[in-house]
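Let me begin by presenting the structure, written as structure tokens, before commenting on it.
The values are calculated or read from the model by the stated rules, or taken from the named source; none is laboratory data. Treat the numbers as computed from the prediction; the structure is a model and nothing was measured. Note that each Cβ is placed from the backbone with ideal geometry, even for glycine, and that neighbours are counted across all protein chains shown. In case anyone asks, the SASA skips ligands and DNA or RNA and just uses the protein heavy atoms, side chains included. Shrake-Rupley method; radii C 1.70, N 1.55, O 1.52, S 1.80 Å.
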Amino acid sequence: MEKKKGFFTKALDVIERVGNKLPDPFVLFIGLAFFMILLSFVFSLFGATVAHPGTGEELQIRNLLSGEGLQFILTSMLDNFTGFAPLGLVLAMMLGIGLAEKVGLLDYAIRKTILKSPPFLLTYTVVFTGILGNLASDAAVVLVPPLGALVFYKVGRHPLAGLAAGFAGAGAGFTANLFIAGTDALLAGISTEAVAIIDDTITVTPVDNWYFNIVSVFLLTFVGGLLTSKFVEPRLGEYKGEAVEEENTEELPNAKKGFITALITGVLYWAIIVVVIMLPNSPLRGEGGTLIPSPFIDGIVPLILIFFVLIGLAFGMVTGKIKSGKDVSRYMTESISDMAGYIVLVFAIAQFIAYFNWSNLGTWVAVNGAEFLQEVEFTGFGLIIGYIIFTSLMNFLITSGSAKWAIEAPIFIPMFLQLGYDPAFTQVAYRIADSSVNIITPLFPYMVIILAFMQRYDKNASIGTYISLMLPYSIAFLVAWIILLAVFYFTGLPYGPGAYTFFEDRP
């Protein structure tokens, strides 16, 4: 007799069916671009106008199906693509991070962090490593959870608890980090494109959420570790399964020496940067000796790129992974080839945002949306919580963080800017919602992989086991993050260098 499905299971089934019917993100944005063309035509028929919030100029909705619009579509297509801010930022970051990953440096650091962790810190180390693992992009989701399960199994603890802790860190905490990662560059670039709808002089940099991300790492590590030890592991009980085949832990020759060399190289590099900043009349400081704004902040991506290149070179040369300049070029090429899908998606995203901007539909939505929210008095922190819940629900239909932000940013960043909120703050709210709920969405591409890892320790594990295991982390991370956001919101703490809740507080 077939077991009757509960309400939650039925809801997940509906979400999965609807989500599976959505087109590929590239096709989705091509469709949205055509929708913008049609929408501009309809709005222009009614003579819709909007007053630009900065200049006060009366702007008409421009018809993309007019002669002028068709000229714009054809003549701007390549510029929209090559001039799209996130493209250069992300690819540049991946040259450095990709090199460090391809030579095995990030893999070695992740493995050693978990395998050498003291027993009393093991749970927190697994979560912590999962969070920091997003430096290695999606590789962390595949690497950290099985390592966590293996280490838990070796010390006599339930392996599924270790797997859950690792996946919570890597999957739900991926947007937090102690370092500037590719995600920061990607989101900041899209945010800069979106805010240009209202003011093209505003730039969102990859470090605008850095302070918030640093605090988030320690908060989520504590919450994830405590939840694992006090709730998840007791609920699982004692593990009585059979032994599993151990992971391959074979290391590169001289890996330890290479890691130490890379560490020393990185420390020396940043020490030199600090010394240069401290010099009188430093070229890295702004006018009057300011650090915010300054060439140092403006050039943070190249500085980070050089850092990862240097530590990657140090590790690769000592371990023998790099024997000549050809090896460096090959690894960087491989890291960029891994971004091929992203590059294709950017082409479609860039057209959609350009059409939204040129037609003045972006300004119209921002101004009228902000006025509506003020009229119904739905502003303040309640509005932000509402936005976080909305994005969390969107996660069940669109799992790609960049694709979802490319849809939301042109709408919400200009709209919230009209209410006084800094684009960097809106971006933080988005990251909280997008990151927390990832691990419980049926369309998350790594759900199948994690299920496979689970079944190595429990042959009867199914999607119900998966959801019941990961749902507490998703809720706990979301609640903890909202509380942290409230602390920053009400105390006026900066989210990054020069980035505050309200735009008027920017230096």
**Q.** Segments 199-206, 145-152, 163-170 sorted - mean Cβ within 10 Å per residue, highest first
**A.** 163-170, 145-152, 199-206
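Rg over Rh of the range 304-396, using C-alpha atoms and the Kirkwood radius, what does it come to? Let's see the in-between values first.
Details: Rg = 22.8 Å, Rh = 18.2 Å.
Rg divided by Rh gives 1.26.
At a 1.4 Å probe radius, which order do ARG157, ARG330 fall into by accessible area, largest first?
Sorted descending by solvent-accessible area, the residues read ARG330, ARG157.
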(Q) Taking just the alpha-carbon atoms of the range 391-453, what radius of gyration and Dmax come out, in angstrom? (A) 13.6, 47
Q | About the Cα centre, charge dipole magnitude for the chain (Lys/Arg +1, Asp/Glu -1 at Cβ), debye | A | 1800
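At a 1.4 Å probe radius, which order do LEU65, LEU220 fall into by accessible area, largest first?
LEU65, LEU220
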Q. When the C-alpha atoms of the range 352-507 are aligned to their principal axes, what extent does each axis show, in angstrom, from largest down?
A. 55, 38, 32
Q | For the range 136-239, radius of gyration divided by Kirkwood radius, i.e. Rg to Rh on alpha-carbons | A | 1.15
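Can you pull the Rg over Rh of the range 180-223, Cα-only, Kirkwood? Provide the component values of the computation, followed by the final result.
Numbers: Rg = 12.8 Å, Rh = 11.5 Å.
Computed over Cα atoms, the ratio is 1.12.
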Q | MRE, 222 nm, helices only [DSSP H, n ≥ 4, -39500 (n - 2.57), over the chain, to nearest 500] | A | -21500 deg cm²/dmol
Q: Report the one residue of ILE190, ILE349, TYR446 whose Cα lies farthest in the direction of the positive end of the charge dipole of the chain (charges on C-beta: Lys and Arg +1, Asp and Glu -1; origin at the Cα centre).
A: TYR446
Q: Please report, largest first and rounded to whole Å, the three semi-axes of the ellipsoid equivalent to the range 354-417, where each semi-axis is the square root of five times an eigenvalue of the C-alpha gyration tensor.
A: 20, 19, 7
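If we sort 227-237, 123-133 on the protection proxy, mean other Cβ atoms within 10 Å, highest first, what's the order? Spell out each step's value before the answer.
On the way: 227-237: 16.7, 123-133: 27.7.
Listed from highest to lowest mean packing, they are 123-133, 227-237.
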Q: Please report the Cα spread of the range 16-154 along all three principal axes, rounded to whole Å, starting with the longest.
A: 69, 37, 30
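Just order 414-427, 386-399 by mean Cβ neighbour count inside 10 Å, highest at the front, would you? Intermediate values should be presented prior to the final figure.
On the way: 414-427: 24.1, 386-399: 18.2.
Highest-to-lowest ranking by the protection proxy: 414-427, 386-399.
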Q. In whole angstrom, and with the biggest value first, how far do the Cα coordinates of the range 27-104 range along each principal axis?
A. 59, 31, 21
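Would you mind checking the pairs LYS256/LYS323; LYS116/LYS323; LYS102/LYS404 and listing those with alpha carbons more than 23 angstrom apart?
Values: LYS256/LYS323 18 Å; LYS116/LYS323 30 Å; LYS102/LYS404 28 Å.
In this structure, LYS116/LYS323; LYS102/LYS404 lie more than 23 Å apart at Cα.
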